[in-house]
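The values are calculated or read from the model by the stated rules, or taken from the named source; none is laboratory data. Treat the numbers as computed from the prediction; the structure is a model and nothing was measured. All Cβ positions, even for glycine, are placed from backbone atoms using ideal geometry, and neighbour counts span all protein chains on display. The protein model used for the area step is the full one, side chains on, heavy atoms only, and it has no ligands, DNA or RNA in it. Shrake-Rupley method; radii C 1.70, N 1.55, O 1.52, S 1.80 Å.
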Amino acid sequence: MQKLKKHYQNQRVWVIGATDGIGKALTLKLDQLGAKLILSSRSKDKLDALAHSLSTQAETVAFDVSKYDEFLTAANEVLGKSVDRIIYLPAYYEPAIVEKISLENFQNTINTNLNAVFYLIDAVLPYLKNDKNCQLAITASVAGYIGLPKSQPYAASKAAVINLVESFKAENQNLNIKLINPSFVKTRLTDKNDFKMPALMTPEFAADKILNGLVSSSFEIHFTKKFTLVLKLIKILPYKIYFRLVKNIK
Ligand SMILES: NC(=O)c1ccc[n+]([C@@H]2O[C@H](COP(=O)([O-])OP(=O)(O)OC[C@H]3O[C@@H](n4cnc5c(N)ncnc54)[C@H](OP(=O)(O)O)[C@@H]3O)[C@@H](O)[C@H]2O)c1
């Protein structure tokens, strides 16, 4: 942790999705590293409680990322002062099999997980072009690598986010853009899973991986490697072998 201090101390970092799970663990660690934080999520009460619990009082900006106007207003407020990093985490997750996806689940997932990332890019790109030192890190998921059973519509939304962030970086190679792809982390989100999750991590472990990844030269921050590398390998297999492998996943 201490060796990370030189990268984060006194940096102004905007954590979007700060009040739970990975975002909360990141917030607590960034506070220990001496960062000056701006915290966002929908819940004003949780944001205020978290901000007060930190060693340096954080700013809070409550908004819903799936609402375009709210996103623009929040970005204008935060980016009125200089920001060193923007770490983006919000997501909606209600796992289903393809034939049983409700309209509500589909719409919430696409609005929160995909549309909001387009809003994010639209809202912050002018700032990033003006301040090329500012980093934007967007969280997708290894669920977006391949179409596994019982993972929709979340997995499709995350595949789209990976694709979008790849295009965004390809078109803006002079900007500091990172893609974060975690595997299973124990949070309220994965508490919905009814299967044994391989290589399940704590949010604190995930936060350490992200904080190290953000100061590395890699575009993609993926962890835990023992799981992500297997998925990357499965991804390049012929479909015939892939479908045989996943046939018995229930
Ligand atoms: N947990 C995993 O195993 C795992 C694996 C791979 C990828 N990921 C990705 O990692 C990210 C964080 O996951 P997590 O498990 O830490 O999730 P989490 O525990 O549910 O936390 C999500 C955070 O985002 C905020 N949020 C959710 N919807 C929002 C909205 N519409 N507008 C503003 N803020 C919103 C939540 O606060 P409010 O609800 O108060 O707004 C909360 O602070 C997600 O992108 C997820 O897809 C997670």
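Within the group L125, L114, which residue is open to solvent by 20 Å² or more (accessible area, probe 1.4 Å), modelled with pLDDT of 95 or more, closer than 25 Å to S40 by Cβ and away from the ligand (no atom under 15 Å from the Cβ)? Working first, answer last.
On the way: L114 fails: away from the ligand (no atom under 15 Å from the Cβ).
After applying the criteria, what remains is L125.
Only one of N193, N176, N163 is touching a Lys or Arg at 6+ places or on another chain (Cβ under 8 Å), open to solvent by 10 Å² or more (accessible area, probe 1.4 Å) and either under 19 Å from I87 (Cα atoms) or of a type in the set (S, T, N, Q) (or both); which? So that I can check it myself, show each step before the final result.
On the way: N193 fails: touching a Lys or Arg at 6+ places or on another chain (Cβ under 8 Å); N163 fails: touching a Lys or Arg at 6+ places or on another chain (Cβ under 8 Å).
Result: N176 is the single residue among N193, N176, N163 that is touching a Lys or Arg at 6+ places or on another chain (Cβ under 8 Å), open to solvent by 10 Å² or more (accessible area, probe 1.4 Å) and either under 19 Å from I87 (Cα atoms) or of a type in the set (S, T, N, Q) (or both).
Just for segment 1-28: of the residues that are hydroxyl-bearing (S, T, Y) and within 13 Å of the ligand (Cβ to nearest atom), which one is most open to solvent (accessible area, probe 1.4 Å)?
T19
Among the residues of segment 133-158, count how many are under 23 Å from I86 (Cα atoms) and away from the ligand (no atom under 12 Å from the Cβ).
The total comes to 4.
Would you call N176 away from the ligand (no atom under 13 Å from the Cβ), under 27 Å from K247 (Cβ atoms) and under 17 Å from the mean Cα position of the chain (by Cα)? So that I can check it myself, show each step before the final result.
On the way: away from the ligand (no atom under 13 Å from the Cβ): yes; under 27 Å from K247 (Cβ atoms): no; under 17 Å from the mean Cα position of the chain (by Cα): yes.
It is false that N176 is away from the ligand (no atom under 13 Å from the Cβ), under 27 Å from K247 (Cβ atoms) and under 17 Å from the mean Cα position of the chain (by Cα).
Mind listing whichever residues of segment 31-71 are free of Cβ contacts under 8 Å to residues at least 12 places away in the same chain and under 19 Å from A207 (Cα atoms)?
S53
Restricting to segment 29-49, name every residue that is surrounded by 16 or more Cβ atoms within 10 Å (Cβ to Cβ) and over 21 Å from K5 (Cα atoms).
S40, S41, R42, K46, L47
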